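Before I ask anything, let me first share the structure, which is written out below as structure tokens.
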Amino acid sequence: MYQSEFNPVTIEMQMTLSEEASLNHWAEISRYYFNAYAQEITKGEKIYIGHIKVFATVNESSYFKLSIFKPTIPAEVDIQGDAWTSKLSLLVNSFVYGIDEETTMKVLESVSEKMEKEFMVKTKFTLKPVHMHGHHHHEHDH
Amino acid sequence: MSKVFLVSGFLGSGKTTFIIKLMKYLSKKNLKVALIVNELGEIGIDNQFMTQLGYNVWELFGGCICCTLSSNLETTLQELEENYQPDIILVEPSGAAEPKSIYDSFLNLDIPVENIHNFLILDPTRIDMFVEILTPLLTSSLNISDTVLINKLDLAEESEIERCKSVISKADKDLTAFFLDFHNEDYPEKFRTFIDRLVLPGGE
Ligand SMILES: Nc1nc2c(ncn2[C@@H]2O[C@H](COP(=O)(O)OP(=O)(O)OP(=O)(O)O)[C@@H](O)[C@H]2O)c(=O)[nH]1
Ligand SMILES: [Mg+2]
């Protein structure tokens, strides 16, 4: 069982723009956002990306999935549909070896600030607290 | 009786990508396919994505399929077999799971070994990391797999592919290996023949 080193951090995010934008445009913004996140979070020794995956939805038929699995390979996005919206909901599962929730939140904050300056996109995010669900998050518990 | 395909591979290797494509291919052959997904994290993403795409997904939630949820896996497999009778059941464990214990669950249910096929997706772009920090998982995954799929051919360096080959050749058993780009529209002829033989009645 290897999740103790690659703990998932789950975050719910909302991005807003002052005007409606196409899903393609949102995918572009998200790509930029999470590439920056991946660069920032892997600064330091012995940090490895397991999988940073993001699911963004506008409605039943318009959504995309974004993936990053290696810092040197930019995010890939699989887009379905073409809705326009000014508000996008995203669900992020971030599995990064050597990174805890606190660091994850800090990095998200700094990337969000940068994105607001550069793209006028406002971001809100909340951490989904981890319920233990009976599985072990630490290696040596008795 | 259903055939069971276990699709293992580390986090982000391409299990879901492989499965979506395989499901499309199998449904064209009028085969009834069911998918069991287990994902760590408070909310599953693959399950939502595949459900949105219109597939029948059974999600095992709230733990890991190789430890706390192993009995849920067994119950789900049994129920599928009794109530839905798929030709093929695909299982995507979490990328952090230990595939050996999932295979053991299949054996516990007396699924005949000839009905089980274990695919391992080996992501060449991260072979260095696997060897560096995940050797035990890599070794045990190779030991239970029948077929290794080395994907991301479009992204990998030649040296990474070579390293994968060398890792596979050092495994304790003879493994069938395929080199693929999962984003390619069609399967290469050799792989298509291989899948057809696996899924057709009396195949394997
Ligand atoms: N270019 C390229 N990308 C690939 C290939 N196979 C998978 N990917 C990409 O790799 C990323 C991760 O793929 P997934 O299918 O989500 O991986 P997974 O193993 O299901 O991930 P988890 O369920 O989180 O463990 C996605 O962006 C895929 O598009 C490939 O052969 N070539
Ligand atoms: Mg997956």
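Of all DSSP beta bridges in chain B, what percent run antiparallel (nearest 5)?
0
Moving on to the next point. Picking from A:94, A:86, A:67, which is most flexible by a Gaussian network model of chain A using Cα springs under 10 Å?
Top of the fluctuation ranking is A:86.
Measure nothing but the geometry: give the 0 to 90° angle between the long axis through the Cα atoms of B:158-169 and the longest principal axis through the Cα atoms of chain B, rounded to 10°.
60
Please determine, in degrees from 0 to 90 and to the nearest 10, the orientation of helix B:189-199 with respect to the longest principal axis defined by the Cα atoms of chain B, where the helix direction is its Cα long axis.
30
In addition: With every protein chain left in place, what is the accessible area of residue B:141 in Å² (1.4 Å probe, nearest 10)?
10
Another one. What 222 nm value per residue comes from the helices of chain B, counting each DSSP H run with n ≥ 4 as -39,500 (n - 2.57) and dividing by all residues, nearest 500 deg cm²/dmol?
Numbers: 8 runs with 85 residues, N = 204.
-12500 deg cm²/dmol, from helical runs alone.
Let me know the charge dipole size of the protein assembly as shown about its Cα centre in debye, to the nearest 20, where only the beta-carbon of Lys, Arg (+1) and Asp, Glu (-1) is charged.
420
Per-residue accessible area for residue A:25 at 1.4 Å probe radius, Å² rounded to 10?
Accessible surface of residue A:25 is approximately 90 Å².
For the protein assembly as shown, what % of the accessible area comes from carbon and sulfur atoms, probe 1.4 Å?
Working: 7600 of 15720 Å².
After summing per-atom areas, the C and S share lands at 48 percent.
Quick one: compute the contact order of the range B:3-199, relative version, from alpha carbon pairs under 8 angstrom and 6+ residues apart, as a percent.
Relative contact order, the range B:3-199: 25 percent.
What do you get for the angle between helix A:101-119 and the principal long axis of chain A? Use alpha-carbon atoms, 0 to 90 degrees, nearest ten.
20
In the range B:103-204, what trypsin sites (Lys or Arg not before Pro) fall in a loop by DSSP, with at most 12 other Cβ atoms inside 10 Å?
Here the trypsin sites (Lys or Arg not before Pro) that fit, given the DSSP loop and packing criteria, are B:170, B:173.
Something else: State the Cα centre-to-centre distance between the range A:1-73 and the range A:94-133 in whole Å.
10
Which residues make up the longest stretch of chain A clear of GluC sites (Glu not before Pro) that lie in a DSSP loop with no more than 13 other Cβ atoms within 10 Å, not counting the sites?
Here the longest segment lacking exposed loop sites spans A:61-138.
Let me ask something else. Work from the charge dipole of the protein assembly as shown (Cβ charges, +1 for Lys and Arg, -1 for Asp and Glu, about the Cα centre) and give the residue of B:76, B:30, B:44 farthest towards its positive end.
The listed residue farthest towards the positive side: B:30.
Could you list which residues have their amide H under 5 Å from that of residue B:148, counting only those 5 or more apart in sequence or on another chain, with H placed in the peptide plane?
B:120, B:176, B:177, B:178
Okay, moving on. Please list log₁₀ I(q)/I(0) at q = 0.11 Å⁻¹ for chain B, using the Debye equation with identical point scatterers on the alpha-carbon positions.
Taken in order of the listed q values, log10 I(q)/I(0) reads -0.48.
Extending each Cα 7 Å along its Cβ direction at residue A:18 and residue B:27, get the distance between those two points in nm, one decimal.
4.3
List every residue whose amide H lies under 5 Å from the amide H of residue B:10, counting only residues 5 or more places away in sequence or on a different chain, with H placed 1.01 Å from N in the peptide plane.
Amide H neighbours of residue B:10, under 5 Å, 5+ apart: B:123.
Determine the shielding of peptide A:57-66 by partner chains: average, over its residues, the number of Cβ atoms on other chains within 10 angstrom of each Cβ.
On the way: counts 3, 0, 0, 1, 1, 1, 4, 1, 9, 1.
Per-residue shielding by partner chains comes out at 2.
Choose one answer from B:73, B:149, B:31: the residue with the largest mean-square fluctuation in a GNM of chain B with alpha-carbon springs under 10 Å.
B:31
In addition: Enumerate the amide H contacts of residue B:4 below 5 Å, restricted to partners 5 or more residues apart or on another chain; note that Pro and chain-start residues carry no placed amide H.
Residues meeting the amide H criterion: B:89, B:116, B:117.
Only loop residues by DSSP count here, and only those with at most 13 other Cβ atoms within 10 Å; note down the GluC sites (Glu not before Pro) in the range B:154-196 that meet that.
Sites meeting the loop and neighbour criteria: B:157, B:185.
I would also like to ask the following. Of the trypsin sites (Lys or Arg not before Pro) in the range A:1-83, which ones lie in a loop per DSSP and count no more than 16 other C-beta atoms within 10 Å?
Values: sites: A:31, A:43, A:46, A:53, A:65; in loops: A:43, A:46.
Passing both the DSSP loop test and the Cβ count: A:43, A:46.
Please list, in order along the range B:126-136, the HN-Hα scalar couplings obtained from phi with the Karplus expression 6.51 cos²θ - 1.76 cosθ + 1.60 (θ = phi - 60°), rounded to whole Hz, x for Gly and Pro.
10, 4, 5, 5, 4, 5, 5, 10, 10, 3, x
Please find the FRET efficiency linking residue A:60 to residue B:153, where r is the Cβ-Cβ separation and R0 is fixed at 25 Å, and quote it to the nearest 0.05.
Computed FRET efficiency for residue A:60 and residue B:153: 0.15.
The values are calculated or read from the model by the stated rules, or taken from the named source; none is laboratory data. These numbers come from a predicted model, not from an experiment. Here Cβ is always computed from backbone atoms with ideal geometry, including for glycine, and neighbour counts include all displayed protein chains. We work out accessible area using only protein heavy atoms, side chains counted, and drop any ligands, DNA or RNA first. Shrake-Rupley method; radii C 1.70, N 1.55, O 1.52, S 1.80 Å.
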